[in-house]
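Structure first, commentary second.
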Amino acid sequence: FAYNPQIKIFTILRNPAERSFSEFLFSMQNGVCPYKNFEEAIENNPAKYLSTSDYYKNLVPFFKLFPNENIGIFFFDDMKADGKKFLETIYNFLGVKNYLPNDFDAPVNVGMQAKSQRLNNFIGKAKMFIHSKNLNFLLPVLQKTHLLDGVKKLKEKNLKARVIKETISKETREKLYSYFKQDIQNLELITNRNLEHWYH
């Protein structure tokens, strides 16, 4: 807002339960999740795994600052249904020329899982330790010795494509829908979008 109060901003939202679960899987992939399962993660760290999916609550501060017409709220479901049309919608909102990359249909952000979760966690915790202890001044030194490159390659070799698609248990899903229901209803009001399929 300080840079440009008339700037256009947008967000792409997906089913909040699915987004929270996706964040858990991504944390596991990066070795920075200390929890054994999703249920333990949302119980012990709701700020990371639940609050970030409270879309309406997180959008309110933006609506207090920016004109409503400058805030674009788009949906992951539409992107999955028709990616090209979805991209055009965003370009139109931003008022920029349409552009379609040659590799538009190439798969991206493929879910991965560790061959050795213990090794993955060790690398992830080491990275978190450096940042939490303000030891970032060591990074250029580690970069020069090519240690970081070696660790990066080791981590990449330890990952494989997720073969079995993990899912949220029925009981946990019901708890999540109960938790997110009010926020979803508020979101429906500001977007004029029926999000009934997010309730179950």
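Please find, among 113, 143, the residue that is modelled with pLDDT of 75 or more and not basic (Lys, Arg).
143
Can you name the number of the only condition in (1) under 28 Å from residue 156 (Cα atoms); (2) in a helix (DSSP H, G or I) that residue 36 fails?
Result: residue 36 fails condition (2) only.
So, residue 96, is that one of a type in the set (Val, Ile, Thr), surrounded by fewer than 15 Cβ atoms within 10 Å (Cβ to Cβ) and assigned to a helix (DSSP H, G or I) or not?
no
Looking at region 63-80, which of the residues that are part of a helix (DSSP H, G or I) and more than 19 Å from residue 195 (Cβ to Cβ) is least open to solvent (accessible area, probe 1.4 Å)?
70
Please specify each residue of region 31-46 satisfying the condition of being of a type in the set (A, V, I, L, M) and either open to solvent by less than 40 Å² (accessible area, probe 1.4 Å) or under 14 Å from the mean Cα position of the chain (by Cα) (or both).
Scanning region 31-46 gives 41, 42.
Please find, among 51, 132, 27, the residue that is small (Gly, Ala, Ser) and farther than 28 Å from residue 187 by Cα.
After ruling out the rest, the residue left standing is 132.
Looking only at region 101-134, count how many residues are part of a loop (DSSP other than H, G, I, E, B), farther than 13 Å from residue 160 by Cβ and of a type in the set (A, V, I, L, M, F, W, C).
3
Just to be sure I understand, how many residues within region 135-158 are in a helix (DSSP H, G or I), farther than 23 Å from residue 33 by Cβ and of a type in the set (Val, Ile, Thr)?
Looking only at that region, the number is 1.
With touching a residue at least 60 places away in the same chain (Cβ under 8 Å) and farther than 24 Å from residue 10 by Cα as the only criterion, which of 79, 128 stands out?
128
Quick one: in region 159-169, of everything that is assigned to a loop (DSSP other than H, G, I, E, B) and of a type outside the set (Lys, Arg), which residue is surrounded by the most Cβ atoms within 10 Å (Cβ to Cβ)?
Here the residue is 168.
Within the set of pairs 6+ apart or on separate chains, which have a first residue in region 47-58 that is part of a helix (DSSP H, G or I), a second that is at pLDDT 95 or above and β-branched (Val, Ile, Thr), and C-beta atoms under 6 Å apart?
These pairs meet every condition: 49/42.
In region 170-200, what residues are without any contact (Cβ under 8 Å) to a residue 12 or more places away in the chain, more than 23 Å from residue 62 (Cα to Cα) and surrounded by 12 or more Cβ atoms within 10 Å (Cβ to Cβ)?
Correct list: 174, 175.
The values are calculated or read from the model by the stated rules, or taken from the named source; none is laboratory data. Note that the structure is predicted; figures quoted are calculated from it, not measured. Cβ sites come from the backbone with ideal geometry, for glycine too, and all protein chains shown count toward neighbours. What goes into the accessible areas is simple: the full protein's heavy atoms, side chains included, and nothing from ligands, DNA or RNA. Shrake-Rupley method; radii C 1.70, N 1.55, O 1.52, S 1.80 Å.
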